[in-house]
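Trainee: The structure's right below; bear with me while I get my questions together.
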């Protein structure tokens, strides 16, 4: 499968302005099917769209739910025609004006997280105003700014007993991504099991669902184990099966679905040797390419040289060509290192590089507006659809310009 994608990338690079992204939709769909099988028949699946909003239309028919963490993400879903029934309206901040519109359009068909007592009050006020019942998921904090502590969760349950317009449909918990130990999600599930039982016993309230983000890691670098998810699902399935609380579990994930389906293509526009280090300067950079855990190129991502372009004339060409290259982008910061001392053979000006496993967060976590560089084009590929342009290149300098000129 990857051989076909590499050929497509080579063909595209010959006629498409770099840099650009390509998302393999077939691989994305295969990943969802695989994770469904790994999770087991009784577990439902939620796609965290923040990892890659361009994949929402493909995710919607394949998953049970889509997590929306901002009003902008909600607008993307509505633009894509996603049904309210598919949406979990989440996020640490919920602005009243934005939530009013969401509640008007989605009502009780969508689901809503509660991350503070203020959010509970806001949803209660909107539900009363619109004359409807809203289903809420109370988020337990993992020790940061997200969610509520146990005391406040108990307060929410006490308030809910006097607030018929809000129905507690579940508990929401997420403690972070890229977990290293497969035993950690299992221990979290055990603690959540205890909390769910305590709440049901204390408040005589049936809690039908646990929305849980296991933080299963995706592979970004060459020295990481293949298929890291395989180490996690066995323990997760066993932990869920051992729960004394009996309800529905929905696993909320993003990276594990999307990371491996993305490619970033950039072109080498300058080469030089400073001291003993060979540098390749590209038209891309860390504002468009982000790997979780990467710091100034200290880890080796999967990079492929797609083309061997004719050498263009240069004022000075002092690269030794020993195969070890530090690839940097076009930003005015020493942190703009995409990979360091990586064996890429003999690079020349005009050569095109493809970075793999960039389908999750890599595109959206970068410093897109730094230096006012153009936003790259975004493409998708599927066997039955061919190549589609999802976004044309777009100049963003105007966003850093005063409105009054």
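The values are calculated or read from the model by the stated rules, or taken from the named source; none is laboratory data. Bear in mind the structure is a predicted one, so any value in this text is a computation, not a measurement. Note that each Cβ is placed from the backbone with ideal geometry, even for glycine, and that neighbours are counted across all protein chains shown.
Trainee: If only one of 153, 171 is closer than 19 Å to residue 68 by Cβ, in the same structural domain as residue 236 (by TED's automatic domain parsing), touching a strand residue (DSSP E or B) at 6+ places or on another chain (Cβ under 7 Å) and at pLDDT 95 or above, which one is it?
Mentor: 171
Trainee: Evaluate segment 249-263: report whether one residue or more is outside the structural domain of residue 358 (by TED's automatic domain parsing), part of a strand (DSSP E or B), more than 19 Å from the chain's Cα centre (by Cα) and surrounded by fewer than 24 Cβ atoms within 10 Å (Cβ to Cβ).
Mentor: yes
Trainee: May I ask you to verify whether residue 110 is under 19 Å from residue 359 (Cβ atoms) and either outside the structural domain of residue 148 (by TED's automatic domain parsing) or surrounded by 15 or more Cβ atoms within 10 Å (Cβ to Cβ) (or both)?
Mentor: For residue 110, the condition - under 19 Å from residue 359 (Cβ atoms) and either outside the structural domain of residue 148 (by TED's automatic domain parsing) or surrounded by 15 or more Cβ atoms within 10 Å (Cβ to Cβ) (or both) - is not met.
Trainee: Go through segment 356-405 and report how many residues are within 19 Å of the chain's Cα centre (by Cα) and on the phi > 0 side of the Ramachandran plot.
Mentor: Qualifying residue count for the region: 2.
Trainee: Then there is this: Residue 220 passes all but one of (1) modelled with pLDDT of 95 or more; (2) touching a helix residue (DSSP H, G or I) at 6+ places or on another chain (Cβ under 9 Å); (3) under 30 Å from residue 348 (Cα atoms); which number fails?
Mentor: So the condition that residue 220 fails would be (1).
Trainee: State whether the residues of segment 207-219 include one that is surrounded by 17 or more Cβ atoms within 10 Å (Cβ to Cβ), free of Cβ contacts under 8 Å to residues at least 40 places away in the same chain, within 26 Å of the chain's Cα centre (by Cα) and over 30 Å from residue 359 (Cα atoms).
Mentor: Within segment 207-219, none of the residues are surrounded by 17 or more Cβ atoms within 10 Å (Cβ to Cβ), free of Cβ contacts under 8 Å to residues at least 40 places away in the same chain, within 26 Å of the chain's Cα centre (by Cα) and over 30 Å from residue 359 (Cα atoms).
Trainee: Give the residues of segment 74-101 that are crowded, with 20+ Cβ neighbours inside 10 Å and over 18 Å from residue 173 (Cβ atoms), sorted by residue number.
Mentor: As a first pass, look at segment 74-101 and keep what is crowded, with 20+ Cβ neighbours inside 10 Å: 74, 77, 82, 86-91, 94, 99.
Answer for segment 74-101, where residues must be crowded, with 20+ Cβ neighbours inside 10 Å and over 18 Å from residue 173 (Cβ atoms): 74, 77, 82, 86, 87, 94, 99.
Trainee: Also: Scan segment 194-242 residue by residue and report those that are in a loop (DSSP other than H, G, I, E, B) and in contact with a strand residue (DSSP E or B) (Cβ under 8 Å, 6 or more places away or on another chain). Explain how you work it out, then say what you get.
Mentor: To start, the set of residues in segment 194-242 that are in a loop (DSSP other than H, G, I, E, B) comprises 204-208, 214-220, 222-229, 242.
Selection gives 205, 207, 208, 214, 215, 216, 220, 222.
Trainee: Given the criteria in contact (Cβ under 8 Å) with a residue 60 or more places away in the chain, buried (at least 18 other Cβ atoms within 10 Å of the Cβ) and touching a strand residue (DSSP E or B) at 6+ places or on another chain (Cβ under 9 Å), does residue 25 qualify?
Mentor: yes
Trainee: Here is a check on your reading of the model: is residue 390 within 30 Å of residue 217 (Cα to Cα), surrounded by fewer than 15 Cβ atoms within 10 Å (Cβ to Cβ) and not assigned by TED's automatic domain parsing to the domain that holds residue 285?
Mentor: It is true that residue 390 is within 30 Å of residue 217 (Cα to Cα), surrounded by fewer than 15 Cβ atoms within 10 Å (Cβ to Cβ) and not assigned by TED's automatic domain parsing to the domain that holds residue 285.
Trainee: Going residue by residue through segment 29-52, is there one that turns out to be modelled with pLDDT under 95, in a loop (DSSP other than H, G, I, E, B), touching a helix residue (DSSP H, G or I) at 6+ places or on another chain (Cβ under 6 Å) and exposed (fewer than 15 other Cβ atoms within 10 Å of the Cβ)?
Mentor: yes
Trainee: If you don't mind, there's one more thing I want to ask. Just a yes or no: is a residue in segment 378-386 part of a strand (DSSP E or B) and free of Cβ contacts under 8 Å to residues at least 12 places away in the same chain?
Mentor: The answer is yes, given that some residue of segment 378-386 is part of a strand (DSSP E or B) and free of Cβ contacts under 8 Å to residues at least 12 places away in the same chain.
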